[in-house]
Amino acid sequence: EAQVTQNPRYLITVTGKKLTVTCSQNMNHEYMSWYRQDPGLGLRQIYYSMNVEVTDKGDVPEGYKVSRKEKRNFPLILESPSPNQTSLYFCASSRNGYGYTFGSGTRLTVV
Amino acid sequence: TQLLEQSPQFLSIQEGENLTVYCNSSSVFSSLQWYRQEPGEGPVLLVTVVTGGEVKKLKRLTFQFGDARKDSSLHITAAQPGDTGLYLCAGATYNTDKLIFGTGTRLQVFP
């Protein structure tokens, strides 16, 4: 089944403890993106990648890192999480940018 | 900052009624994508429109891309309770391939 898989689905962590949210797609898509969704603010892009080793900042990149060493994986790294990074995170992929497949989301709580 | 304004924000209607959701911007987009999101899940792509003036139909849903590629509309005919959800438009920018999401329209269809 064609899908974008994120892990974990739920995560509660403490301020400052480094964490990684994994994202993998099995569709051989070139494009991958990370979004966060917050009430009243909608979906905002964190980082995106148009190919292996090519990444660029979205609208809210501060406090996040990404890497694209292989086409299928696009992990999101929070080096020192803070409570304002509590949010619902989505990874998405696309063959050409004209329509994305989203993962099921990761609900992160930073206390 | 590019913005996509959706209206209305909330819509509560009876089964069988028709409705239209609007997505407006001052920016020009290379494509306009529509998604539907259920609570706790990732957005699911409904359609992508690429050409100015383009109209696409998906069963009871009709999507239109404005001639100037700055706006779009989603019309639902004879709404059903299964249409309930959060409808999101998203514009793909030229050059950067970033995807900008609209503010969302929450639709509730009562039996």
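Note down the relative contact order for the range B:16-107 as a percent, whole number, built from C-alpha pairs under 8 angstrom at least six residues apart.
34
Just to confirm a number: summing +1 for Lys and Arg and -1 for Asp and Glu over residues other than residue B:83 whose beta-carbon lies under 10 angstrom from that of residue B:83, what do you get?
My count for the surroundings of residue B:83 gives +1.
Which one of A:94, A:49, A:80 has the biggest mean-square fluctuation once chain A is modelled by GNM with Cα springs under 10 Å?
A:80
Could you tell me the extents of chain A's C-alpha atoms along the three principal axes, largest first, rounded to whole Å?
37, 25, 25
Distance between the C-alpha centers of the range A:50-66 and the range B:1-50? Whole Å please.
What the calculation gives is 25 Å, centre to centre.
Peptide B:57-67: average number of partner chain Cβ atoms within 10 Å per residue?
That works out to 0 on average.
Could you tell me what a quarter of the Cα convex hull surface of chain B works out to, in nm² with one decimal place?
Convex hull of Cα atoms, orientation-averaged projection: 6.6 nm².
Cβ under 14 Å from residue B:43's Cβ, residue B:43 left aside: what net charge do those residues give with Lys, Arg +1 and Asp, Glu -1?
Around residue B:43, the surrounding residues sum to +2.
Can you tell which of A:19, A:76, A:88 shows the greatest fluctuation in a Gaussian network model of chain A with Cα springs below 10 Å?
A:19
Can you pull the one-decimal nm distance between simple spin-label points at residue B:20 and residue A:56, each 7 Å off the Cα toward Cβ?
Between residue B:20 and residue A:56, the label points sit 3.4 nm apart.
If I take R0 = 30 Å and measure r between the Cβ atoms of residue A:41 and residue B:7 in this structure, what FRET efficiency does the formula 1/(1 + (r/R0)^6) give, to the nearest 0.05?
0.95
Return the Rg/Rh value of the range A:4-64, two decimal places, where both radii are evaluated on C-alpha atoms and Rh is the Kirkwood radius.
0.97
Which residues of the range A:19-56 show a drop of at least 50 Å² in accessible area when all protein chains are present, compared with their chain alone (probe radius 1.4 Å, heavy atoms only, ligands and nucleic acids excluded)?
Those residues are A:43, A:48.
Using only atoms on other chains, find how many Cβ atoms lie within 10 Å of each Cβ of peptide B:71-80 and report the average.
Mean inter-chain Cβ contacts per residue within 10 Å come to 0.
Past 26 Å, Cα to Cα: identify those pairs from A:17/A:65; B:56/B:98; A:57/B:57; A:71/B:98; A:57/B:70; A:69/B:98, in the order given.
Exceeds cut-off: A:57/B:57.
The values are calculated or read from the model by the stated rules, or taken from the named source; none is laboratory data. Since the structure is predicted, the reported quantities are computational estimates derived from the model, not experimental observations. Positions of Cβ are backbone-derived with ideal geometry, glycine not excepted, and every protein chain shown enters the neighbour counts. Remember, those area values only see protein heavy atoms, side chains included, never the ligands or the DNA or RNA. Shrake-Rupley method; radii C 1.70, N 1.55, O 1.52, S 1.80 Å.
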